[in-house]
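The values are calculated or read from the model by the stated rules, or taken from the named source; none is laboratory data. This is a predicted model, so every value here is computed, not measured. Note: ideal-geometry Cβ built from the backbone for every residue, glycine included; neighbour counts use all protein chains shown. Note: areas computed on protein heavy atoms with side chains; ligands, DNA, RNA excluded. Shrake-Rupley method; radii C 1.70, N 1.55, O 1.52, S 1.80 Å.
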Amino acid sequence: MQIQTIISTNSNHMNRIVDKEFLSENVVKIVVEAPLIAKSRKPGNFIILRVSEKGERIPLTIASANEEKGTIDLIAQKVGVSTEKLAKMEIGDSLHDLVGPLGKATEISKIGTILACGGGVGIAPLLPIIEGFKKAGNRIVSVLAARSKDLIILEDEIRKWSDEVIIMTDDGSYGTKGLVTEGAEMVIKREKVDECIAIGPAIMMKFTSLLTKKYNIPTQASLNSIMVDGTGMCGACRVTVGGKTKFTCVDGPEFDAHQIDFDEMMMRLGGYSEEEKKAHQNFINQL
Amino acid sequence: MTILSEYLKEQRNEEWRAELRKKLKGKERTNIPRVDMPEVSPEERTKFQNVEVNLGLDKEKAIVEASRCMDCATPTCIDGCPVQINIPEFIKNIEREEFGLAAQTLKKTSALPAVCGRVCPQEKQCEELCFYTTKLGKDPIAIGYLERFAADWERESGEMSVPECAPANGKKIAAIGSGPASLSFAGDMAKLGYDVTVFEALHEIGGVLKYGIPEFRLPNSVVDVELDNLRQMGVKFVNNFIVGRTASFDDLKEEGFEGFFVASGAGLPRFMNIPGENYNGIMSSNEYLTRVNLMGAASDDNDTPVLRGKTVAVIGGGNTAMDSVRTSKRLGAERSIIVYRRSRAEMPARVEEVNHAEEEGIEFMNLANPVEYFADEKGRVNKMRLQHMELGEPDASGRRRPVPIEGSEEDIDVDLVIVAVGVSPNPLIPSCLPELEVSKWGTIEVGDNMQSSIPVLFAGGDIVRGGATVILAMGDGRNAAASMHEYLSGEQKND
């Protein structure tokens with residue numbers, strides 16, 4: 001029926017924002033009407049949206065979905081012009097474009113104990129994955145890390161699907177003072193960990209991966225590469241995994257972290273930094 | 001085939017055609033030189049990304065060119081056309097100044113005449129088999145220019161004819177992807193009375209016609225008019241919808257869809273897997289052209305950025321390579337260079353595009369191939385190592401194989417590299433259907449009738465061919481429409 005409505009209205013511009021909330025100063029959560037995606041999405045999937053006709057295509061992980069209400073939750077950090085514009089949208093507004101679900105879904109099975117490491121806004125994509133693993137009967141130990149207390153997002157939601165949550169902050173304003181790797185190593189030394197998932201800034205994933213490699217723990221990382229179309233067409237999101245070039249959008253976004261060339265990934269994330277800075281400055285000047 | 005040739009004969013024997021043939025003697029026709037296409041000067045056109053290079057023929061020029069056509073008893077030109085346009089019929093209509101009828105003739109078998117008149121490699125198709133080429137050794141009739149003239153005339157006249165469609169049969173059909181194969185399929189199915197919905201993953205309808213081919217070669221407005229024409233025939237378009245993902249094939253079947261045509265294209269860009277290829281400033285032609293064409297990155301109004309370069313090297317010798325290198329010139333590059341591993345004679349690009357590129361000051365480094373890239377401390381490419389090549393024995397494609405010359409490496413300073421060495425099939429749709437048979441290259445396996453291993457699923461265009469032309473894709477679309485119609489009608493009889 002929903003498909004029929006989309007066809008007959010000749011557009012699927014329902015995409016209405018039904019709820020919005022700032023999780024921290026720079027991190028916004030929006031709840032968007034997208035009944036087909038809410039139904040078909042799986043943990044690990046992402047969407048691409050455009051705020052306006054002249055907007056960029058922005059990839060965002062689906063943090064969670066409500067199939068009954070036909071909505072999906074998206075979480076974005078204000079980092080540039082496009083995410084600033086997204087954060088300015090209000091309840092009742094509609095996204096100009098929304099397509100998904102994209103990317104390979106997380107392979108979920110009963111493994112044992114999962115160490116789930118989330119850094120900053122990376123906690124958002126971590127959420128649907130631990131939900132999936134918890135429902136499959138795994139023990140979940142989550143380590144959430146951020147610079148300070150107000151940047152720890154989705155703590156309650158993460159707690160819902162975790163057996164234990166460890167909070168790490170750089171400044172010690174909440175939880176234990178220290179880095180994500182310290183929290184993770186504490187768990188690894190304490191108990192048998194069967195798999196690790198690391199999502200967050202590239203540098204955080206790199207060091208988490210180095211840590212788990214030392215202990216021989218299989219580790220998945222979910223990458224937030226630069227994308228244009230998100231459907232395999234452009235190759236902007238290419239990343240070297242195990243010496244081979246892969247596309248984050250169709251081969252990922254999750255890869256074996258021990259095989260990822262994080263240094264190259266970080267270099268590529270900076271590929272448009274000058275253009276982005278200039279555009280951001282122009283945007284701020286216009287306000 | 002006999003039905004077609006009898007139909008052509010019948011048309012040719014119509015009184016007006018017979019009269020028109022008598023108007024000029026054969027010699028008078030063959031003595032007329034081939035018309036030249038008026039163009040915007042290279043200095044002027046390279047200032048803009050969206051100024052079309054070719055201006056099109058005016059009425060007078062078109063009529064003169066049309067009168068060169070001998071209206072052959074056996075029009076071999078049609079054999080060269082993947083969608084079998086009745087070429088003499090439309091050309092003779094131009095000669096007698098019935099431009100609207102000429103356009104209608106085109107639209108009987110082609111959903112996109114204004115597009116094909118601009119982007120088809122006519123010199124390798126209809127014009128190669130023209131009587132002038134094969135028998136007289138003269139320049140062929142400018143069939144492509146005339147096709148464009150008729151389609152443009154109709155569009156600009158404001159009196160677009162809508163092809164006749166059979167009464168609605170109530171059968172719902174899904175076309176997946178909105179590029180040339182799908183549009184051609186949709187047009188033919190609509191004519192047969194089907195209820196066709198075209199599903200597109202991107203936010204724009206048109207596939208490669210929008211994201212790939214630049215506006216200086218194919219203006220978006222031209223594509224939009226052809227899309228409108230399909231809409232008037234009842235074809236529905238849905239953007240931002242990935243069949244198999246947003247909703248499954250089974251979901252669509254439950255909604256009453258009885259046939260599927262997959263034309264999702266060869267969206268996956270190929271790279272060469274040489275050292276340094278992942279440095280910043282090295283990207284696929286797909287990325288470069290998508291940023292500029294689809295996302296409007298050349299203009300400050302749009303949020304999507306594109307990297308600019310002072311010295312831009314484009315790797316490849318096809319149409320996409322020409323589109324990319326000419327785009328870089330328009331975005332302000334001081335040097336724009338084609339690096340191609342064979343020689344000019346083997347270039348797969350349309351001759352006209354290569355000529356236009358040359359006029360625009362594009363440099364050609366033929367018989368050269370990159371082997372490694374180098375970058376600055378930030379990871380931005382700054383140098384490319386080329387190896388020079390020579391031509392050896394012909395390979396499977398019939399073209400002479402490029403062979404590296406040992407010790408011939410040369411370093412060249414570049415700050416942007418566009419890799420245009422081909423594409424692979426997009427795995428997105430096939431991966432949703434594990435029971436679908438695909439080749440080891442990822443193309444969908446189909447029979448001569450474009451039917452896949454799943455009977456209700458037909459496929460065509462680059463997802464089957466792996467990387468071809470607009471017109472071959474359109475031919476597939478027509479072929480698939482005819483076969484699906486036969487299949488669905490047969491099924492009905494068996495009920």
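Things to note:
- Within the option set B:51, B:35, being modelled with pLDDT under 95 and either closer than 30 Å to residue B:213 by Cα or open to solvent by less than 100 Å² (accessible area, probe 1.4 Å) (or both) holds for one residue only, B:51.
- Taking each residue of the stretch A:263-287 that is without any contact (Cβ under 8 Å) to a residue 40 or more places away in the chain and looking for partners that are not in a loop (DSSP other than H, G, I, E, B) with beta-carbon atoms closer than 6 Å, six or more apart or interchain, yields A:264/A:240.
- The stretch A:228-246, residues that are touching a strand residue (DSSP E or B) at 6+ places or on another chain (Cβ under 6 Å), open to solvent by 10 Å² or more (accessible area, probe 1.4 Å) and not hydroxyl-bearing (Ser, Thr, Tyr): A:241, A:246
- Taking the listed residues B:462, B:448, B:411, the one that is of a type in the set (Asp, Glu), open to solvent by 60 Å² or more (accessible area, probe 1.4 Å) and in the same structural domain as residue B:258 (by TED's automatic domain parsing) is B:448, with no other qualifying.
- Of the numbered criteria (1) at pLDDT below 95; (2) more than 26 Å from residue B:80 (Cβ to Cβ); (3) in a helix (DSSP H, G or I), the one residue B:123 fails is (2).
- Residue in the stretch B:142-159 that is of a type in the set (S, T, N, Q) and touching a helix residue (DSSP H, G or I) at 6+ places or on another chain (Cβ under 6 Å) present: no
- Filtered residues of the stretch B:92-106 (kept if over 22 Å from the mean Cα position of the chain (by Cα) and in contact (Cβ under 8 Å) with a residue 40 or more places away in the chain): B:92, B:93, B:94, B:95, B:96, B:99, B:100
- Residue check for residue B:358: more than 14 Å from chain A (Cβ to nearest Cβ), in a helix (DSSP H, G or I) and without any contact (Cβ under 8 Å) to a residue 12 or more places away in the chain: yes
- For the stretch B:279-298, filtering for residues that are within 8 Å of chain A (Cβ to nearest Cβ), assigned to a loop (DSSP other than H, G, I, E, B) and either small (Gly, Ala, Ser) or touching a helix residue (DSSP H, G or I) at 6+ places or on another chain (Cβ under 7 Å) (or both) leaves 2.
- Of all residues making up the stretch B:109-118, the number that are part of a helix (DSSP H, G or I) and either at pLDDT 90 or above or touching a Ser or Thr at 6+ places or on another chain (Cβ under 7 Å) (or both): 6
- Qualifying residue in the stretch A:170-181 (condition: in a helix (DSSP H, G or I) and of a type outside the set (Phe, Trp, Tyr)): yes
- Those residues of the stretch B:244-277 which are at the interface with chain A (Cβ under 8 Å from one of its Cβ atoms), buried (at least 23 other Cβ atoms within 10 Å of the Cβ) and of a type in the set (S, T, N, Q), in sequence order: B:246
- One residue from B:250, B:301 being assigned to a helix (DSSP H, G or I), charged (D, E, K, R) and without any contact (Cβ under 8 Å) to a residue 40 or more places away in the chain: B:250
- In the stretch A:152-180, the residue that is least open to solvent (accessible area, probe 1.4 Å) out of those that are farther than 19 Å from residue A:130 by Cβ and touching a residue at least 12 places away in the same chain (Cβ under 8 Å) is A:169.
- Of all residues in the stretch B:466-490 being among the charged types (D, E, K, R) and in contact with a Pro (Cβ under 9 Å, 6 or more places away or on another chain), the one that is least open to solvent (accessible area, probe 1.4 Å): B:476
- Answer from B:180, B:214 - the residue that is under 21 Å from residue B:260 (Cβ atoms), away from chain A (no Cβ under 14 Å) and under 22 Å from the mean Cα position of the chain (by Cα): B:180
- Criterion violated by residue A:224 - all others in (1) within 14 Å of chain B (Cβ to nearest Cβ); (2) part of a loop (DSSP other than H, G, I, E, B); (3) not aromatic (Phe, Trp, Tyr) satisfied: (1)
- Options A:41, A:16; residue that is open to solvent by 30 Å² or more (accessible area, probe 1.4 Å) and away from chain B (no Cβ under 13 Å): A:16
- Residues that are under 17 Å from residue B:390 (Cα atoms), at pLDDT 95 or above and open to solvent by 20 Å² or more (accessible area, probe 1.4 Å), drawn from the stretch B:342-376: B:364, B:365, B:366, B:367, B:369, B:371
- Neighbours by Cβ (under 7 Å, 6+ apart or cross-chain): first from the stretch A:114-139, closer than 16 Å to residue A:28 by Cα; second of a type in the set (S, T, N, Q): A:121/A:77; A:124/A:61; A:125/A:61; A:125/A:222; A:127/A:64
- The stretch B:40-75: number of residues that are within 30 Å of residue B:333 (Cβ to Cβ) and in contact (Cβ under 8 Å) with a residue 60 or more places away in the chain: 12
- Neighbours by Cβ (under 9 Å, 6+ apart or cross-chain): first from the stretch B:405-418, free of Cβ contacts under 8 Å to residues at least 24 places away in the same chain; second among the polar types (S, T, N, Q) and surrounded by 16 or more Cβ atoms within 10 Å (Cβ to Cβ): B:405/B:387; B:406/B:387; B:408/B:387
- Qualifying residue in the stretch A:196-206 (condition: within 19 Å of the chain's Cα centre (by Cα), assigned to a loop (DSSP other than H, G, I, E, B) and within 16 Å of residue A:118 (Cα to Cα)): yes
The rows are residues; the columns are (1) modelled with pLDDT of 95 or more; (2) open to solvent by less than 40 Å² (accessible area, probe 1.4 Å).
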residue: A:71; (1), (2): yes, yes
residue: A:129; (1), (2): yes, yes
residue: A:135; (1), (2): yes, no
residue: A:145; (1), (2): yes, yes
residue: A:148; (1), (2): no, yes
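- The criterion of at least 3 residues that are surrounded by fewer than 24 Cβ atoms within 10 Å (Cβ to Cβ) is met, among strands (runs of 3 or more DSSP E) falling completely within the stretch B:141-243, by B:236-238.
- Test for residue B:101: is it buried (at least 24 other Cβ atoms within 10 Å of the Cβ) and within 22 Å of residue B:163 (Cα to Cα): no
- The set of residues in the stretch B:419-441 being part of a loop (DSSP other than H, G, I, E, B) and touching a residue at least 40 places away in the same chain (Cβ under 8 Å) consists of B:420, B:421, B:422, B:425, B:426, B:427, B:428, B:429, B:433.
- On inspection, residue B:326 does not qualify as within 24 Å of residue B:128 (Cβ to Cβ) and touching a residue at least 40 places away in the same chain (Cβ under 8 Å).
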